[in-house]
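S.K.: Take a look at the following structure, please.
The values are calculated or read from the model by the stated rules, or taken from the named source; none is laboratory data. Computed from a predicted model, the values in this text were never measured in an experiment. Counting neighbours? That spans all protein chains shown, and the Cβs are built from the backbone with ideal geometry, glycine included. For accessibility, only protein heavy atoms count, side chains too; no ligands or nucleic acids. Shrake-Rupley method; radii C 1.70, N 1.55, O 1.52, S 1.80 Å.
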Amino acid sequence: ITPAGWRATVKPASKWRTWANYPIQGTGGDIMRLTTIALDGQGVQVLAIVHDSWVIACRQGQEQQVRDAIECARRAACERVLKGFDLKMGIKVYADRYRDE
């Protein structure tokens with residue numbers, strides 16, 4: 001069971017590596033879910049979740065506001081899932097984006 005309560009069913013043919021890795025992957029999934037929910041609650045436009053990251057859209061000049069929202073969501077998710085352990089997340093801004101002429 002993960003910190004947020006997600007359960008997994010152990011099948012007889014399961015490999016031991018699957019279950020050795022489950023606590024780490026499950027906890028990461030909990031953090032991703034809670035961060036995504038918090039971002040949505042703040043009105044951040046999440047376009048996609050790609051493996052262990054988000055693709056987020058914002059208007060030019062709003063990058064700092066989105067960074068602040070991500071930081072708030074990250075802190076809340078880590079506090080709930082990791083009980084005080086502060087997991088850092090990297091943020092990359094791609095300013096070279098599509099522009100409609």
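S.K.: Can you say whether A57 is open to solvent by less than 70 Å² (accessible area, probe 1.4 Å), small (G, A, S), more than 30 Å from A95 (Cβ to Cβ) and without any contact (Cβ under 8 Å) to a residue 60 or more places away in the chain, as far as the supplied structure shows?
M.R.: The answer is no for A57.
S.K.: Still on this model: Quick one: would you say G5 is within 18 Å of E71 (Cβ to Cβ), of a type in the set (G, A, S) and not in a helix (DSSP H, G or I)?
M.R.: no
S.K.: Looking only at the range 1-54, filter to residues that are open to solvent by less than 90 Å² (accessible area, probe 1.4 Å), touching a residue at least 12 places away in the same chain (Cβ under 8 Å) and of a type in the set (V, I, T); which one of those is farthest from F85 (Cα to Cα)?
M.R.: V44
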